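Structure first, then comments.
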Amino acid sequence: MPIAAFCLCAQGQVPPSQKPPGKDAPTETKGLPPRAAPADYPDQAQAGAVTIAAEFQGHAVPTSQGNLTTEDYVALETAFFGPPGARIKLSFDDFTLRINGKKTLPSQPYGVVLGNVKDPEWVPPEPAKPKAPANLTLGDEPAAKEKADDKQPAFPVKIPIEIQRAMNQRVQKAALPEGDRALPVAGLVFFWYPGKVEKIHTIELIYSGAAGKAIVTIEP
């Protein structure tokens, strides 16, 4: 029986206020390379003829160029497998998440995650050291310098625009592709969860979409 559902374009995920800075040319959402088989993911569930596989990534955001991080969201790497030649229509709205048996959390479009993503490998430049007063005597230099340092305001680190753009593109490329897709297909789905992953004891990824319904019990 053919799999049918509505199609939501991947570009529609990004609210205007969250679009990546820079050029207007969109970055294609390709997802992550599917693993060889569903068993290569820690957890699986069946929805009709489709197998849904997943792995909880916590506050990490795996991309083809290495991991990014996010404090306020968690990511799940999700994959769909089916018979040869099978296709499916996907949307981020197909997913909800239940953590520790509480109320379900709706999946979030990757666009709202962009402003919360960091690159752990990026090291901000050291701020310029304040200059000591011109009338400082040699004997008073250490104390005066320490006092001058205390008066310096702590400004938030501003990430260069090219670094922001590169991170945004990495997240967009890794997000689960939407619309009509050939199987297998894989990518990230995101959920708002600013808590500590160490406090997570149970996770249920709930799918309700074109393939039917399924609950993937996830190992935290």
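The values are calculated or read from the model by the stated rules, or taken from the named source; none is laboratory data. Owing to the predicted nature of the structure, the values given are computational and were not obtained by experimental measurement. Cβ sites come from the backbone with ideal geometry, for glycine too, and all protein chains shown count toward neighbours.
Quick rundown of the values:
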{"quantity": "All positions within the stretch 177-220 that are closer than 24 Å to GLU121 by Cα, assigned to a loop (DSSP other than H, G, I, E, B) and not small (Gly, Ala, Ser)", "calculated": "TYR193, PRO194, LYS196"}
{"quantity": "First in the stretch 157-168 and touching a residue at least 60 places away in the same chain (Cβ under 8 Å) and in a helix (DSSP H, G or I), second anywhere and surrounded by fewer than 11 Cβ atoms within 10 Å (Cβ to Cβ) and of a type in the set (Lys, Arg), Cβ under 9 Å, 6 or more apart", "calculated": "ARG165/LYS23"}
{"quantity": "Filtered residues of the stretch 42-69 (kept if under 30 Å from TRP122 (Cα atoms) and crowded, with 22+ Cβ neighbours inside 10 Å)", "calculated": "ALA54, VAL61, LEU68"}
{"quantity": "The lone exception for THR63 - which of (1) closer than 14 Å to TRP192 by Cα; (2) touching a helix residue (DSSP H, G or I) at 6+ places or on another chain (Cβ under 7 Å) it fails", "calculated": "(1)"}
{"quantity": "Residues (at pLDDT 95 or above and among the charged types (D, E, K, R)) located in the stretch 200-220", "calculated": "GLU204, LYS213"}
